[in-house]
Structure formats: structure tokens, C-alpha cells
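Read the structure below first, then the notes.
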Amino acid sequence: MSVLWPLPSDLESIQGLVRAADIEGLIEIHGAPTDEYEPEGKHIFSAIGHLPTAELTVPKLLPILEAIWRKNFIDDDAELALRRPALEVLAEQFARFFGRKAKPQVRQQA
């Protein structure tokens with residue numbers, strides 16, 4: 001049996017991308033557990049999990065990520081500006097994996 005890939009955005013994939021981004025350096029620099037960003041991943045999934053593929057674009061995703069970062073990590077424009085490049089990269093990854101630019105592939109299932 002084969003399935004189209006990519007699938008719609010899912011919590012596990014979103015959390016994996018957020019964890020890999022480690023925007024705050026909590027895992028790599030501070031040695032936090034790998035589940036450190038799970039709350040943010042859940043918030044992102046809640047915000048974008050229902051969006052159609054066509055809406056998963058960087059201009060749509062970046063304000064969502066910024067709002068979540070403001071709520072969970074910072075509440076300062078200067079600090080947000082420092083994180084914006086990394087948040088943009090994360091938004092680009094979401095768009096690439098789940099958005100219009102995603103190229104469906106067929107994977108075989110066992």
C-alpha cells in the first residue's frame with residue numbers, strides 16, 4: 001500500500017522541527033531535555049494543524065511563531081527581533097514540509 005507524502009502537518013513532525021531548531025539554545029547550550037519545546041510544538045500545531053496547505057506560507061506562519069515565542073519566552077520587541085531570523089527559518093521549514101512547496105512523494109507502507 002502506498003500513501004502520499006507529505007501528510008498534513010502533524011504534532012510529532014512539528015515538535016521535531018521545533019526541537020531541531022532549538023531557537024532558545026535550551027537543548028544544545030543549556031542541556032535541557034529534548035522535550036523542552038513540546039508546549040510550543042502543541043501551540044503551533046493548534047494554530048496551523050487545521051490550515052489548508054495553500055495557507056502554510058512564511059508570511060502566514062511567521063506571525064504565528066512570533067506570537068507563540070512572545071507568550072512562552074519573551075515579551076520584548078528587541079529580543080523578538082534577535083530571534084526573528086531563526087523563526088523565519090523555522091517558518092520556511094514548515095512551509096517546505098507541509099505547504100504549497102511540498103512535493104508529494106509516494107512511500108510504500110509495509
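Counting neighbouring beta carbons within 10 Å and listing from fewest to most, the residues Ser46, Ser9 come out as Ser46, Ser9. May I ask for the percentage of alpha-carbon pairs in the stretch 14-76 that lie more than 16 Å from each other? That tail contains 47 percent of the Cα-Cα pairs. Across the stretch 30-43, computed HN-Hα scalar couplings (Karplus, 6.51 cos²θ - 1.76 cosθ + 1.60, θ = phi - 60°) run 9, x, 5, x, 5, 8, 3, 9, 4, x, 5, x, 5, 5 Hz from first to last residue, x flagging Gly and Pro.
Angle of helix 11-21 to the longest C-alpha principal axis of the chain, folded into 0 to 90 degrees and rounded to 10: 50°. Where the centroid of each part is defined by its Cα atoms, how far is the stretch 75-98 from the stretch 34-63 in Å? Taking the Cα centre of the stretch 34-63 as reference, the centre of the stretch 75-98 is 11 Å away. The gain in end-to-end length when the Asn72 to His50 segment is fully stretched comes to 5.8 nm, 0.36 nm per residue minus the alpha carbon separation. Computed from Cα atoms, the angle from the helix 77-98 axis to the main principal axis of the chain rounds to 10 degrees.
Any read-out appearing in this document is the output of simple, stated calculations on the displayed coordinates, not a laboratory observation. These numbers come from a predicted model, not from an experiment. Methodologically, a virtual Cβ is constructed for each residue, glycine included, from the backbone with ideal geometry; neighbour enumeration extends over all protein chains shown.
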